[in-house]
Structures are given as structure tokens and as C-alpha cells.
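The values are calculated or read from the model by the stated rules, or taken from the named source; none is laboratory data. Keep in mind that what you see is a predicted model, and the values were worked out from it rather than measured. Quick reminder, even Gly has a Cβ in these numbers, built from the backbone with ideal geometry, and neighbours come from all protein chains shown. Ligands, DNA and RNA are excluded from the accessible area calculation, which covers all protein heavy atoms including side chains. Shrake-Rupley method; radii C 1.70, N 1.55, O 1.52, S 1.80 Å.
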Amino acid sequence: MTRKGLLLTAATILAMGGTAMADTAQKRIALSNNYAGNSWRQAMLESWKRVTDKAVADGIVAAADAFTTAENQATEQAAQIQNMVLQGYDAIVVNAASPTALNGAIKEACDAGITVVSFDGIVTEPCAWRVKVDFKKMGADEIAYLAGRLPDGGNLLEIRGLAGVSVDDEIHAGIEEGVKAHPNFKVVGSVNGDWAQDVAQKAVAGILPSLPEIAAVVTQGGDGYGAAQAFAAAGRPMPIIIMGNRQDELKWWAEQRDANGYETISTSIAPGVSTLAFWVAQQILDGAEVPKDLTVPFLSVTQETLDQALKDTPEGGVTNVDYTLDDAKKVIAGTD
């Protein structure tokens, strides 16, 4: 093609309302994940594989490899990221063990010209992008819901997640904020459930003998069913337990609703947020202007939507949604 023809082609592209974007067919993206020890993380990895396998098959990217550290340790994940830099990945999508402890490794990746997108467990390094849920609001919303159900307040048991992870800190801060706004509630006990039903059940069973009557249990996801089992085994009155979109939680909730009218809510971040982070990384590599901070809504189940959510959630899985390229473009544009 002549130089004049090339200029005409470029002009045509601009006239169609866009700029010429870089081709990402040869770009390689890696997922750095710090933990896979619960159903949410397993669903997150399954969503990543499902969406990125198709993206590779469709020629959108050359590779989208997923790596998970053996232990939830920031030092191990930092070494993993440094290895990805050496392997020459064009972008790294990170679910971080710590919001700050990986910043050195993240900065090294950025300095090497690598795009870094964090999600769920986000990082504070300014060169990275962040795809996040307002977890603080999620915690505060739990207390607001309970204030509507229990106007006289009551004692709360708080089940926290993985210690040191930003998600845990933010949800906890939201719960504290909610209790300040509704001082008739009091947190009388707190345990770490690590977002896993078996861990939560054991932790709750261990603390229950020392606690007064509990009106409600505030949670972070993956812990509601374990808490219910612990209360049942102890012969304690069943409190309102905020659920976290796991199939076993929804199933138990539906059974209790049918048996005695049990009411609660369930809320969590969709595991498929990993796929949104993938598309955000792909768009950055493709030349799109993307804000450093992107916020997506959390996924909630109510008394009215419980049956459909349970129907759509696989046994042993988590209520989920896989994000598409169009979804990512809407989030980037602020029109989601």
C-alpha cells in the first residue's frame, strides 16, 4: 500500500470515532493469585480459565497463564511476580496477599514496562490499576440490614477473613462504622474464618461457650454455613447470619426458610471479577485509556432472589458471573 493509502486508512479509522489500537494477539498475561483454599477462590480460578481459554483460542491474546502460591505469604507472591517479570509477560493480574507488601515487586514489574492490574486483594502501588469492590460499604450494609430487622439491636459475633488481606481489613472497618452508626449493636466476639466453612465452624464452636446470646453474625463470605453448623451443634438459638453466596449457605438458608421462615441476606464479590481484571489488562495493552481505580458492585442475594440464585449456583460452588469484554468497556467508561 502507498503512503497515501496508509494515511487514508488511518483517517478512515479516526473518522469512525476511534483511534487505532495495538494488536494484543501476541501479548501474554499472567494471573498471580495468593490463595486457593476455599470455594470462592476455586470459582475465581475456574472463571479465569473459562474466559481466558476462549480469549486465547479466539486469538485475542497469546497466553493467560494462572499461578497460585502454595502459602498465603506476601514474600512468596513477590518472588512469583518477579519470576513473571523474568518470563517476559506483558501484563500481570494480581490478587494480592497484602495491599502494601507486594509494592516493591509491583514497581519492578511496572519499571520493566509490564502492565499490572490488581483485583479483590488490591495493591497500593501507584503504577498499578485496581479493580475493586467497596468492601467497607459491604460491611456497613450488613449492619444497616440488621438495624432494619432488629431495631432494638443486640450482640454480634463477627467472623473475619484472612488476616492481613485488604478485603478483611475493609469489611471489618465497614462493620465498625455500622456499629458506630447503630450503637444498640455490640460486637461481643470475633474470630477468623479464613473465608472457609470448615475453619469458620471450628472457630465459632471454640468461642461460643464464652459468649452471651447472639442476635446476629456478621461475616465476610464462605463462613455462614459453618457458623450455622456451630450454633446448631451447641444447641444455641439460631441468630440472623449474613451469608456469602456459597451454595451450601444458600441451600441451608432455603431449607430454614421453608421450615421456619428464616430470613437473611447474602452478599459477596463475584468470583468472576478475575475475568473483569483480565479484560481490563487486555484493554490497557490494547491502548485504551483506563482509570487507575475501577469500582464494581458486589453481588447480593435476597429473600426474593434466593430460589433463582440457588438454582443458578453449582453444588459446592459460589453465585457467580463471568465478565465479558463489553462489560469491561462499560466499567472503564463508568457506565456499568
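Here are the numbers:
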{"read-out": "The chain: relative contact order as a whole-number percent, Cα under 8 Å and 6+ apart", "value": "17"}
{"read-out": "Shape of the range 155-230, Cα gyration tensor, a/c cut at 1.5", "value": "oblate"}
{"read-out": "Proportion of all alpha-carbon pairs of the range 135-268 beyond 23 Å (%)", "value": "23"}
{"read-out": "Cα-based shape type of the range 40-92, given that a ≥ b ≥ c are square roots of the gyration tensor eigenvalues and the cut on a/c is 1.5", "value": "oblate"}
{"read-out": "Calculated [θ] (222 nm, deg cm²/dmol) that DSSP helices of n ≥ 4 give over the chain, each run adding -39,500 (n - 2.57)", "value": "-14000 deg cm²/dmol"}
{"read-out": "Cβ-based net charge around ARG28, under 13 Å, with every Lys or Arg adding one and every Asp or Glu removing one", "value": "-1"}
{"read-out": "Rg ratio (alpha-carbon, reference 2.2 N^0.38 Å) - the chain", "value": "1.10"}
{"read-out": "Residue-normalised accessible area of the chain, given per residue in Å² at a 1.4 Å probe", "value": "43"}
{"read-out": "Rounded accessible area of GLU176 (nearest 10 Å², 1.4 Å probe)", "value": "90"}
{"read-out": "Semi-axis lengths, Å, the range 183-336, gyration tensor of Cα atoms, sqrt of 5 times eigenvalues", "value": "35, 17, 13"}
{"read-out": "Under 28 Å from the Cα of LYS180 - lysines, other chains or at least 8 residues apart", "value": "LYS132, LYS136, LYS137"}
{"read-out": "Mean separation of Cα contacts under 8 Å, 6 or more apart, over the residue count of the range 135-268: relative contact order %", "value": "23"}
